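Q: There's a structure below that I have some questions on.
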Amino acid sequence: MKQQSMYRVCGFVRFLVVALLATVVSFGCGRSDRPEVVLYVSADEYVAREVVAAFEQETGIRVRFVGDTEAKKTTGLVERLMAEKDNPQADVFWSSEVFFTIDLANADVLEPYHSAATSDWPRTFRCPEDRWYGFAARGRVIVYAPDRVDEKDIPKTWMDLTNDYYHGRIVMADPRFGTTGGHLGAMKAYWDRAYQPGIFEAFVLGLAANEVRMLTSGNAGVVRAVAGGEADLGMTDTDDVWAAQAQGMIVEMAFPRHSRDDIEGSGTLLIPNTVGRVAGGPNPDHATVLIDFLLSERVERILAETVSGNVPLRPGLASEYEHLQVPDPLQVDFHRAAALRVAAVEETMNALR
């Protein structure tokens, strides 16, 4: 892990240089008559800027970039896209997760587009109607303070977080925003199918009994809370842990399973970035160019090498980044998880309040 942390530090320095260049490219030249495309993006800005700069340099198409805050991660842009449905302002939506993207597709905010870049794409990571595609994923993990959590006490499963040994020591992000809510929906979907209804409810009650604290600062805030001594463990994403390590924070991560049994496909959840074309957007031709670029091997490589350390979905490319791999990812129906997300979040909020 020390070697990986050094790798992240180098990546963080690389990000600072590229982010400066991206700012100059996107905003330093003033108005221009060159073609443009409007991108709404909920991925972390330091990640998205590098990709946008590469796209502009390769295609000559200017990107008008609209991001989101960490606290309202993804949710703010989803609400905006819903509100603009009858008068679309965006051409492309790039999300850092899949569950809200499915909601947008179901609401016809996203329209079908068949990208040649995904001819051999795994069915798990694409919409059956071609309204969205997944790429460059990250894993749901438990972040912990190695100086306060012994190796023998690291949770092996998500259900372990309900053990009274961890009472008062755990934090999580507000599940109404970002990936936490989607993960709760995936938990409910998996446990209901693989075991029996009621396990998710027991999990939530166990979190409440352990007085798990909810933070409004997102998954990055969870990692900061653990690094700063406010908590010993937290539920978060791999990219937030990688970024924290690159900044010198003393944190590690564990990849808990959703089953104590060694059942294939019960490992931690792998959440892809997703991209879709906004229905009726102002620049549809340039939108398809941007979508194809985001789904390219070049972008997966960029996102693997940034400080976020996203996991490539292309098998050949993934083998080049073995240190990023999530062991035995959870096999779950994203559409079913998205459908259960609201109920799972509501139940969790009621319990933790």
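Quick note: the coordinates plus some simple rules give every number you see, no bench work behind them. The structure displayed is predicted, hence computed values, not measured ones. Note that each Cβ is placed from the backbone with ideal geometry, even for glycine, and that neighbours are counted across all protein chains shown.
Q: Mean Kyte-Doolittle of at least 0.0 and a Cα length of 30 Å or more along the axis: which whole DSSP H helices of the chain meet both?
A: Span-like helices, by this rule, are 2-27.
Q: Let me ask something additional. What does the C-alpha gyration tensor say about the overall shape of region 54-159? Classify as rounded when a/c is under 1.5, otherwise prolate if a/b is larger than b/c, or oblate.
A: Because a/c hits 1.5 or more and a/b exceeds b/c, region 54-159 counts as prolate.
Q: Cα extents of the chain along the three principal axes, largest first, in whole Å?
A: 62, 41, 37
Q: Report the calculated FRET efficiency for R148 and R213 (r = Cβ-Cβ distance, R0 = 25 Å), to the nearest 0.05.
A: Taking R0 as 25 Å, the efficiency between R148 and R213 is 0.95.
Q: While we're here: Name the long-range amide H neighbours of D68: under 5 Å, sequence gap of 5 or more, or other chain; modelled H, no Pro or chain starts.
A: none
Q: Hey, what number do you get for the chain at 222 nm if only DSSP H runs of n ≥ 4 count, each worth -39500 (n - 2.57), divided across all residues, to the nearest 500?
A: -13000 deg cm²/dmol
Q: I would also like to ask the following. Expressed as a whole number of Å, what is the distance separating the alpha-carbon centroids of region 92-154 and region 172-223?
A: Region 172-223 and region 92-154 have Cα centres spaced 17 Å from each other.
Q: Let me ask something additional. Would you pull out the residues with amide H under 5 Å of R257's amide H, same chain only if 5 or more places away, H placed 1.01 Å from N?
A: Amide H neighbours of R257: T157, W158.
Q: Can you give the convex hull volume of the alpha carbon atoms of region 225-338 per residue, in Å³?
A: 163 Å³
Q: Shape call for region 100-256 from the C-alpha gyration tensor, a ≥ b ≥ c root eigenvalues: rounded (a/c under 1.5), prolate (a/b greater than b/c) or oblate?
A: prolate
Q: Moving on. So which trypsin sites (Lys or Arg not before Pro) in region 125-180 end up in coil per DSSP with only 15 or fewer other C-beta atoms within 10 Å?
A: Those satisfying the criteria are R148, K156.
Q: Something else now. According to a simple spin-label model (label point 7 Å from Cα along Cα-to-Cβ), what is the distance in nm between S319 and V66?
A: 4.2 nm
Q: For a test of understanding, tell me how many lysine pairs in the chain have Cα atoms under 27 Å apart, given they are 8 or more places apart or on different chains.
A: Lysine pairs meeting both conditions in the chain amount to 7.
Q: Taking amide H positions as placed 1.01 Å from N in the peptide plane, with prolines and chain starts having none, which residues 5 or more places from R126, or on another chain, fall under 5 Å of its amide H?
A: For R126, whose amide H was placed from the backbone, the distant partners under 5 Å are G134.
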